[in-house]
Amino acid sequence: MTWGWVNYQEIYDVSAESSTEFPDRLSLMEVRLQAQEDEITLLKSSLADALRKLHLHDQQIPLLKQQLIAGKRFVKGITVPLALTRAIQSLSLEDALPESIQFTDETPIKLRGEEEDAFEEEMGKDQTWSSIVEESIQPTTIRTLQQQQSKSSEDSQGSCPQTPTSSSPAPPKEPASSPHGGPLSSIREGEKMLCSIKMFIRGRPITMYIPSNILNYEELRMDLPSQKLDLDWVYGYRGRDCRANLYLLPSGEAVYFIACVVVLYHISNQTQRHYQKHTDCVRCLAIHPDKVRVASGQTAGVDKDGKPLQPFVHIWDSKTLVTLQQIGLGTFERGVGAVAFSSSDAGTFLCVIDDSNEHVLSVWDWNKNIKHNEVKNTNEAVLAVDFSPTDTNNIISCGKSHVYFWTMTAGTLTKKQGIFGKYKKPKFVLCFVFSLTGDVLTGDSEGNILTWGKSTFQIMKQTRAHEGSVFTMCVLQGGAILSGGGKDRKIIRWSADLAPERECEIPEKFGAVRTIADVDGEELLVGTTRNAILRGTFSDGFVAIVQGHVDEMWGLATHHTQNIFLTCGNDRQVCVWNAEEHKLDWCTTLESDPSEIILLSVVSVGLSTGRWVVLDLQTKEVVSDLTDGNEQLSVMRYSPDGSFLAVGSHDNFIYIYNVTEGGRRYTRFGKCTGHSSFITHLDWSKDGKYVMSNSGDYEILYWDVASGCKLLRNRFESKDRKWASYTCVLGFHVMGVWLEGSDGTDINALCRSHSESMVAVADDFCKVHLFQYPCPKPKAPSYKYEGHGSHVTNVRFTHNDSHLLSMGGKDTCILQWRVKGAGTGDHKEHLASSSSVCSSSSSPENGT
């Protein structure tokens, strides 16, 4: 038998190294998977392009057979250059022509009489040879052929004859996408004119045609918009996954947070102020003993390249909203989970628990920004921390299956673990308070309140309090104690010796009790797990003063004449809000997740199942119930006069409906077929006859609805069309909102103002941007606004452009921005006549 030594430390190190490498490997695999998905999307879109071109070729070949006459080379007097002859050869069209037809520099082709008229009708009055072939061959071929053309007047006909001729620089080199696959602009030029722009997203070229009123694209000047935004109101509260985050200040303001904003809501005056210095989601709050200063900690977050940012704690003045101190930058990992001020020394110290694996506990002299102590806590979740009200050297923390009693001496922190002994050890110790006698009372997931001795660290008493968890406790001035339950949704008032005195139950629709704040000993504020804040008493019950969604939101719509807006999300709720009174008018719950919402005189809601319903705006009654396919409905738009409804689906189709009886009756009119991926955005023309649509593979298609939902294959014809709204993220007029390096999903939504002077953009990096409209040039300057803690999913202007509404995804937050400055000007003429180029490629931070 052979014996050998086993190096257990080496095995442990290898295991630890493997465990640390696992997230990196997983991240790498996710990146590769995303790259493969992108490649599949690109291949599908390329296949769709090829099929469309083949279809167009099939239509053109018989036309050319019938109309072309040997020995002629003119079409209604318009010269067909040699370069175009070669283009036709490159399309293999020459093989389809009679053998007697030969293409040379000298041999013209001319159509006469009825043949001439038929050909013109087929091509369209505004089309030329170049414009019809341009849609059929690769842009690279067109550019190459244009470079081969001579400079004679005979060959000066470009692919866009409507564009006035002007001097232009030499044709650019073949464009290439950026290393990130982002959009890069290239210019396709004729001999003396510029008629289209090309941008690239994930390697896919997207051609944008320049409207006729823009005389010189190169000299367009992109300015900042004349308007700016100010945060006016914040809808929502983060109660679903945070605790101890609702307090009442002596000023009469309730302090709470959602997304990156700490809200100070004056309950009597119904006004809000906002602390906006955080760069990512706020996770915790603490109030200084002077009831003026506030500490708020945030999560780390990531930048737009996916790199982690550093979390920190801000201490700020609630009267002036001035930041007094920032601590922990570069010290805390992942985020800040809990904070607490000391009490016995007038709030000199601040205790912080971070979200690292060890949940490090640190003690700071916050005024001097000096860290006094730091110690690794536990690998289990830590939910609360606080100083003893009588001794700064004693700190309590609790969390998953533990209560720790910390003693701070001579620059060190020592830990004593609470002993449960004969009592059942709970899965979570969720909260604790100090009684007036100095005992520690903990609430746990078993529904019990445990009383711990001050010096023994053992349980002295167990009190059965709630069915389900005890989420929060609060000590009143006279020593009475309040507890809030989870499953039973009860608020119970206890005497100082834990004898029950009074109780009440909050309505089921608000969820469980998350936190309680005492107003005057009788009136209470209650934060709930369904993101509501309630106000009331034991005798009179509770009503909501703050409400919000509880899951990711995508649907947002504003009324065309009133200051109301609608939202919907994955919580299956459809909510109608009053933007003027800052309140929820009504809310209803549907049987499946709503994905899109639109408002006319009725509320139309698209669901994730392909079903869509129409609700009466006043009664909430369902007046129509229809189904289109079995996939998610992603976008819905009424025509300007309300006579049609377009429904875009994930099944790649756009369904068009006739609308009658004031929006209560819908009849299928037709179906737009041609997209190779799911529909993302669509808009109606001002005359209500045409639709512009975007899809998940970055296509821009145009549809003639009035002629039977016909796909307009020559997109050049739509370059001067006027649109009633502009929410499509891809298009010439909004091309400048895309940053270099964008991957196609970086912009979730945009919205043009009704004045057509500005466009708001919702991006994937928690920002709202405000651009000048039109915005057709890359690197256009914008104002940038922070506040959301998640991807911004949607933006909409109110009917009179007085406010902008933005919606976060996972942060479940709705921000209402006040529009300041001149908002009625129309910049279109300015763009057409500008002659200087804006040199700034950066956006002012926070709109300043």
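The Cα atoms of segment 452-502 give a gyration tensor whose axes a ≥ b ≥ c have a/c of 1.5 or more with a/b no greater than b/c, which makes the shape oblate.
Tell me, what % of the accessible area of segment 277-417 is carbon and sulfur with a 1.4 angstrom probe? Looking at segment 277-417 in its full context, I get 46 percent from C and S. Full extension of the chain segment joining THR412 with ASP551 gains 45.8 nm, where the gain is 0.36 nm per residue of separation less the Cα-Cα distance.
As a ratio to 2.2 N^0.38 Å, the alpha-carbon radius of gyration for segment 277-417 is 1.00. When all protein chains stay in place and ligands, DNA and RNA are ignored, the 1.4 Å accessible-area order of PHE349, PHE797, largest first, is PHE349, PHE797.
Per-atom-type breakdown for segment 624-762 gives carbon and sulfur 45% of the accessible area (1.4 Å probe, protein chains only). As a calculated quantity, the FRET efficiency between GLU621 and LEU249 at R0 = 51 Å, using C-beta atoms, amounts to about 0.75. Apply the a/c threshold of 1.5 to the C-alpha gyration tensor of segment 234-335 and tell me whether it is rounded, prolate or oblate. In terms of gyration-tensor shape, prolate. Subtracting the Cα-Cα distance of ASN563 and LYS686 from 0.36 nm times their residue separation leaves 42.0 nm of extension gain. Nonpolar atom fraction for segment 522-583, defined as the carbon and sulfur part of the 1.4 Å probe accessible area, stands at 39 percent. Pairwise Cα separations in segment 202-274 fall into 5 Å bins from 0 onward with the following percentages, short to long: 3, 11, 15, 12, 9, 7, 5, 7, 8, 9, 8, 5, 0. Treating r as the C-beta distance of LYS425 and SER592 and R0 as 41 Å, the FRET efficiency rounds to 0.50.
The charge dipole of segment 277-417, taken about its Cα centre with unit charges on the Cβ of Lys, Arg, Asp and Glu (plus for the first two, minus for the last two), comes to roughly 100 debye.
Note on THR673/GLU508: beta-carbon distance plugged into 1/(1 + (r/R0)^6) with R0 of 60 Å gives a FRET efficiency of 0.85. Applying both filters, DSSP loop and at most 15 other Cβ atoms within 10 Å, to the trypsin sites (Lys or Arg not before Pro) of segment 339-387 gives LYS368, LYS376. Solvent exposure of segment 278-328, expressed per residue, is 41 Å² of accessible area, with all protein chains present and a 1.4 angstrom probe. Computed with a 1.4 Å probe over protein heavy atoms only, the accessible surface of segment 508-666 comes to 37 Å² per residue. With a threshold of 21 Å on the Cα-Cα distance, the over-threshold entries among LYS228/LYS319; LYS722/LYS767; LYS277/LYS784; LYS487/LYS509; LYS371/LYS400; LYS277/LYS319 are LYS228/LYS319; LYS722/LYS767; LYS371/LYS400.
Once all protein chains are placed together, LYS583 keeps about 100 Å² accessible to a 1.4 angstrom probe. Shown are ASP641, ASP551, whose ranking by accessible area with a 1.4 Å probe and every protein chain present, most to least, is ASP641, ASP551. Placing pseudo-labels 7 Å out from each Cα toward the beta carbon at GLN458 and GLU358 gives an inter-label distance of 3.2 nm. The label point for ASP58 and the one for SER268, both projected 7 Å from the Cα toward the Cβ, are 7.7 nm apart. Measuring only protein heavy atoms, the 1.4 Å probe finds SER318 accessible over about 10 Å².
Taking 20 Å as the cut-off, the amide N atoms of segment 262-301 that come nearer than this to a point 7 Å along the Cα-to-beta-carbon line of ASP345 belong to 286-296.
The loop-placed GluC sites (Glu not before Pro) in segment 509-617, going by DSSP, that have at most 10 neighbouring Cβ atoms within 10 Å of their Cβ come out as GLU591.
The stretch between THR320 and LYS810 holds 173.4 nm of extra length on full extension. This uses 0.36 nm per residue minus the Cα-Cα distance. With the charge dipole of segment 692-751 set up from +1 on Lys and Arg Cβ and -1 on Asp and Glu Cβ about the Cα centre, the Cα lying farthest toward the positive end among the listed residues ALA724, ALA749, ILE700 is that of ALA724.
Expressed as a whole percent, the proportion of Cα-Cα pairs in segment 284-328 lying more than 14 Å apart is 54%.
The values are calculated or read from the model by the stated rules, or taken from the named source; none is laboratory data. Being a predicted model, the structure only gives us computed values, none of them experimental. For neighbour counting, all protein chains shown are included, and Cβ atoms are generated from backbone atoms with ideal geometry for every residue, glycine included. Ligands, DNA and RNA are stripped out before the accessible areas are found, and what is left, the full protein with its side chains, is counted by its heavy atoms. Shrake-Rupley method; radii C 1.70, N 1.55, O 1.52, S 1.80 Å.
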